[in-house]
Ligand SMILES: Cc1cc2nc3c(=O)[nH]c(=O)nc-3n(C[C@H](O)[C@H](O)[C@H](O)COP(=O)(O)OP(=O)(O)OC[C@H]3O[C@@H](n4cnc5c(N)ncnc54)[C@H](O)[C@@H]3O)c2cc1C
Ligand SMILES: Cc1cc2nc3c(=O)[nH]c(=O)nc-3n(C[C@H](O)[C@H](O)[C@H](O)COP(=O)(O)OP(=O)(O)OC[C@H]3O[C@@H](n4cnc5c(N)ncnc54)[C@H](O)[C@@H]3O)c2cc1C
Ligand code: SF4
Ligand code: SF4
Ligand code: FES
């Protein structure tokens, strides 16, 4: 049993929880994730460790409520428990002093980006962060990520806050102006990671992305999380989730994420609490 | 006189009733219903209670077969179970899933002329009807802390054995449920999960601390456990890394590894979706690739999920199939269509990224090795397409490299399996032992348990020795 200690709403259907998980907190590195299962009938779902406090023995998770499990997770209150949390899973992000790093976070991916950004900063890099969302309401973790970045650029699709446009826009400008960029990290929707990778490929800027395929065990046992990187099949939970964005087959990933649309709908419809509960 | 005694023995095994094929292929309940007490006693009477029982040598843990069978003959199922439990801590499991025809029953003297004694079914009857706690040895003071990695048959066995003689044992299991392949791989209709749970409970009762959600190599490394004061670590992490065929189309939607397919259904109970949250695709026409127990389990599971047609594609002939005989027969009775001497070469795309068919080549048997196993060779121009929308790949698994890559001084062989002394399980790393599938590659439940049992003795010896050296 893993107790939820605090909980906050960050944006419409984006929530933050802090969970007591001493052993995971002691070990986790930026870029790693956990798999949790809410109850006996629950599904195992992967979520990134968005922050951790080794002294307190806690990990933080920021999640978007999109289906049954994430909505049910959103309904749990501080003091309530999650049945199972296993981790930290996946390889940690490779952090090094490379010079100037641009961290691009889209939507809830901004949260996954936070510990990575901080680690790059602590490693002595100049960190430029670009975060984006649909509109002002969807911009999360701005203050926190701003505090650890040398420069922070915010974009919104509708222009209600920051620059109008997608996160690729300021990046494109930087590239056009020939600003020095040594590495890019992109985390967010697959389509956004693909766009960033296509952009940086033209000028050969090393780009790491964090892939989010469907997972089951998260230990390398089932192979559902397979992705194609450089035409080779890799298990994202084991070899990843970080991969070289220039080598990833994003279309395959997007397609594999659409394995269970009908079943996901049934699950959601069955979940009565998911419909009315707001807290 | 002697001749007369032999003459009255029924040449045939007492049959065990099963669910009818048409009925069982639509449910997940156990197929074999087990003997009644009377049937068990009748079968027990067939055993000659040999003075030098050959059957015992065929059992990897040397269960005292004639003694337990004699107890059943006298109607004493508790005693029968007690006898088995001194050697085998999971009789309810082994009686159901041991490949007896290759082990104990293969050696049974009756088998020379007639059918051997049905030792497996009798073992199951002892577990079904008997009650017996495994004896715990009283020890003075507390003994050392021991960590076991993985709660499959090997891990559970060694934990039970060492706890029984007074060690403080903690099992670290990566998944949320203990049992290893017994819970995530072998289906409910062959091994009810309630039985595994009972056997796990009886091991917990011995004082074993079972911690789930602990992935060794990530949550803790082997060296972390050493630092935490575990004097011995036994690695029983199995061989669960799925292999793929490396043919075109393997990443299409609708292609499952057997591990994924079976884990969704067994561990996550996707057959009860949406009562349970984990989904599984139910297909009408399915091809399962492989010839072992895993392939049989996958094919029969697909059928139970509602498939109308299930092909089992195997590149050799029936004779070479490594699956248990009983399960091949069950599968055929249920209507699985066997495609022998067929090798898949490509999975076809329906144009939208989903499976539309499996392209195969017919094979013929070529040169044979000393053991009589013959190499399949493709027949030129024999390509054909199986019309399926789901493909399950059950061609085997390999060692998960997580523990070896995070434990630099642990030696592995060229396939990634941990190198361990056959008699003791001792690895290249001081205080670290290993056994089961992670040492041998995929084998059987009872051989994993046998390795664990041997290692338990070696570990106790090792700890006694290091204690006396300290003094
Ligand atoms: C390594 C990794 C890290 C992730 N980190 C985060 C995070 O920090 N915050 C966050 O909001 N989301 C994260 N995700 C995505 C998150 O796991 C899914 O949103 C979640 O599983 C959806 O479950 P559901 O039941 O609520 O929705 P469902 O209705 O089951 O699914 C909605 C969509 O989520 C995806 N999905 C479904 N099941 C899974 C699964 N088992 N594993 C992965 N994706 C699935 C599919 O694309 C699906 O269409 C991460 C995914 C991965 C692989
Ligand atoms: C579908 C299927 C059907 C089978 N049918 C039969 C049969 O009929 N008869 C038979 O005798 N054999 C059968 N087998 C083979 C048999 O199940 C195995 O040989 C046996 O389970 C091996 O036992 P084990 O303890 O070595 O490993 P496993 O049973 O694989 O258990 C290993 C355990 O370790 C855990 N683990 C792995 N890595 C870590 C880690 N890093 N940290 C913590 N925990 C970890 C796993 O989650 C798992 O619970 C079958 C196998 C399969 C897959
Ligand atoms: S454990 Fe298996 S091999 Fe040994 S006697 Fe029992 S059924 Fe036979
Ligand atoms: S060899 Fe056969 S007949 Fe003899 S004791 Fe064993 S089971 Fe009985
Ligand atoms: S989630 Fe099963 S192997 Fe990656």
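A few points about this structure:
- Degrees separating the helix A:261-270 axis from the principal Cα axis of chain A, which is the longest one: 40
- Semi-axis lengths (Å, descending) of the ellipsoid that matches the C-alpha gyration tensor of segment A:9-69: 20, 15, 10
- Angle between chain A longest axis and helix A:109-122 axis [Cα atoms, degrees, rounded to 10]: 60
- Largest to smallest principal axis extent of the C-alpha atoms in segment B:172-283, angstrom: 50, 33, 23
- Mean residue ellipticity (222 nm) of the protein assembly as shown, computed from DSSP H runs ≥ 4 via -39,500 (n - 2.57), nearest 500: -8500 deg cm²/dmol
- Degrees separating the helix A:190-201 axis from the principal Cα axis of chain A, which is the longest one: 20
- Average other protein chain Cβ within 10 Å of Cβ, residues B:271-281: 6
- Per the Kirkwood formula applied to alpha carbons, chain B shows a radius of gyration over Rh ratio, Rg over Rh, of 0.98.
- According to the Cα-based calculation, Rg over Rh for chain A is 0.95, with Rh computed by the Kirkwood formula.
- Exercise: per-residue mean of other protein chain Cβ atoms within 10 Å, B:214-220: 6
- Directionally averaged projected area (convex hull, Cα atoms, segment A:105-146), nm²: 2.7
- Computed log10 I(q)/I(0) for segment A:70-221 at 0.15, 0.17, 0.21 Å⁻¹: -0.82, -1.02, -1.37, from the Debye equation with unit scatterers placed on every C-alpha and solvent omitted.
- Taking segment B:85-171 and dividing mean pair separation by its residue count, relative contact order in percent (alpha carbons under 8 Å, at least six apart): 27
- Computed Kirkwood radius, in angstrom, where 1/r is averaged over Cα pairs of segment B:36-129: 12.6
- Fraction of alpha-carbon pairs over 26 Å apart in segment B:244-395 - percent: 24
- The label-point distance for residue A:94 and residue A:136, in a model that sets each label 7 Å from Cα toward Cβ, rounds to 4.2 nm.
- Counting only the Cα atoms, the protein assembly as shown fills a convex hull of 185 Å³ per residue.
- Cβ neighbours within 10 Å from other chains - mean over A:230-236: 1
- Relative contact order (%) - criterion: Cα under 8 Å, at least six apart; region: segment B:1-84: 23
- Highest-MSF residue in chain A out of A:237, A:225, A:203 [GNM, Cα springs under 10 Å]: A:203
- Most mobile of A:116, A:62, A:82 in a GNM of chain A (Cα contacts under 10 Å): A:82
- Segment B:95-247: C-alpha pair distances exceeding 19 Å, %: 62
Computed from the coordinates by the stated procedures, all read-outs in this text should not be read as laboratory data. All values derive from a computational prediction rather than experimental measurement. Cβ sites come from the backbone with ideal geometry, for glycine too, and all protein chains shown count toward neighbours.
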